[in-house]
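Below is one structure, written out as structure tokens; comments come after it.
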Amino acid sequence: MDFLGKSFSYRQGSLYCGNTRLSDVADEVGTPCYLYSATDIVSRFNAYAAGLEGQRHRICYAVKANSNLAVLGLLARAGAGFDIVSGGELFRVLKAGGSASAVVFSGVGKTADEIDYALREGIHSFNCESEAELALIDAKAARLGKRAAVALRVNPDVNAATHPYISTGLREHKFGIPISQVEDVYERAKSLRNIDPAGVSCHIGSQLLETAPLLEALDALLVLVDQLSSRGIAVRHLDVGGGLGVPYKADQKSPCPTEYAGCVRERVAGRDLEIMLEPGRSIVAEAGVLLSRVLYRKQTGGKEFVIVDAAMNDMLRPALYSAHHEIIPLRQKGFGTIHADVVGPVCETGDFLAREREIANVFPGDLVAICTAGAYGFVSASNYNARPRPAEVLVENDGWRVTRERETYEDLIRGESL
């Protein structure tokens, strides 16, 4: 099951994560429930580090993929830096024990308050996306008596060959500064008294199952670094972003993080650069599942529906991207398979987890796991239809613990008044 981390396996017909039987967790905590493997998360992080061994580097986990405090704390203890895209994510990193000095702040729409907060906390650097943002950072840094390290995010016009919603490296996208214009922007940045143009950054998209576009973008960045050097702008760090994909389908294969990081190391060999990577999905996706219980079976016009208690408010990706997630039973019963849509209780036709899918022949009361759910799962959950958000559980050290309690009805109205 390449779409799950190595900690997951069937034993005597039951799905386990390490030594934890997932049906036991579902019965005790309830469903829907997100469950993550600490072992798989740390293993994937270390795979990147192994590929960059011998090269000065910083692996900045992309917090937007999964911002659970326990997950962030786990990665902080493993030596991760963090890539954030909001002030709220910075707050979470600090609460989880991460160091502000290991944080890079990305994103096209940083607010004045967020920039001020990041400067006061002393983050490593900003990945700056426009000259207007550069001017705001300069002004905010001046008021605080600081000099802000920035890397201009370069748009290299490289086709990431991924879903259009998560492709970010073409000139028609909102992200970054076109590579044809960026040298002049660096010249102007150099003249700002409270800006230190310390780096170059790039991120062309995510869920890439081939490394060629990523390495093509890296080659373009290295040419830019040399051109900036000839202008007297010494780049000290090179942030090549994230984007490595994972297998969501049983027949998919994905790049090896160690091999990819090794290719990056080879291309920058001999250069006095700190290399920064921003992996997110490829660290946590396969380490997580969403546990759900079958509520009903229904046939309409010859079509079969399996109605479960997880919905689009718990896992948005299928409704948003038509994303594929394998769905497997927590207990193998040997009743064959059926062809069905797997849908949730939310009152939308778009509330589905799978369409026209061959799945195990499950019945009301059975438990299933929606796989590869560790990334962009809970972080995009909502209270649509006034549904409390699910619990989160971390399996670690031969045991498991709840890292986020299931919301209650009272939580749904917290802060409201008549």
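If you count the DSSP beta bridges with both ends in the chain, what percent of them are antiparallel, to the nearest 5?
50 percent
Under 12 Å from the Cβ of Arg193, count the other residues' Cβ atoms, weight Lys and Arg +1, Asp and Glu -1, and hand me the total.
Summing Lys and Arg as +1 and Asp and Glu as -1 gives +1.
Given a cut-off of under 8 Å on Cα pairs at least six residues apart, what relative contact order in percent is computed for the stretch 255-392?
31 percent
Given the C-alpha centroids of the stretch 185-199 and the stretch 220-244, what is the distance between them in whole angstrom?
14 Å
Any idea how far the Cα center of the stretch 54-78 sits from the one of the stretch 337-356, in Å?
34 Å
Quick one: compute the contact order of the chain, relative version, from alpha carbon pairs under 8 angstrom and 6+ residues apart, as a percent.
About 21 percent, as a whole number.
How do Cys60, Cys256 line up, fewest other C-beta atoms within 10 Å first?
Starting with the residue having the fewest Cβ neighbours, the order is Cys256, Cys60.
So how strong a dipole does the chain carry about its Cα centre when Lys and Arg Cβ are +1 and Asp and Glu Cβ are -1, to the nearest 20 debye?
Here the size comes out at about 420 debye.
Quick one: net charge around Asp272, please, counting Lys, Arg +1 and Asp, Glu -1 for every other residue with C-beta under 10 Å from its C-beta.
In short, +2.
Using Cα pairs closer than 8 Å and at least 6 residues apart in sequence, work out the relative contact order for the stretch 39-279, in percent.
Relative CO of the stretch 39-279 lands at 21 percent.
If you stretched the chain out fully between Asp24 and Ser229, how much longer would it get, using 0.36 nm times the residue separation minus the C-alpha to C-alpha distance?
Length gained, Asp24 through Ser229: 67.9 nm.
Quick one: length gained pulling Asn383 to Thr408 fully straight, 0.36 nm per residue minus the C-alpha distance?
Taking Asn383 through Thr408 to full extension adds about 7.9 nm, to one decimal.
Where in the chain are the DSSP H helices whose alpha-carbon span along the long axis reaches 30 Å or more and whose Kyte-Doolittle mean is at least -0.5?
The qualifying helices: there are none.
Step through the table entries Lys110/Lys190; Lys249/Lys298; Lys146/Lys190; Lys64/Lys95, compare each Cα-Cα distance with 19 Å, and write down the pairs that go over it.
The answer is Lys110/Lys190; Lys249/Lys298.
Laboratory data are not the source of any read-out in this text; all were calculated from the coordinates shown. Predicted model, so just to flag it, every value in this text is computed and none were measured. Because the Cβ atoms are built from the backbone with ideal geometry, glycine has one as well, and the counts that use them run over all protein chains shown.
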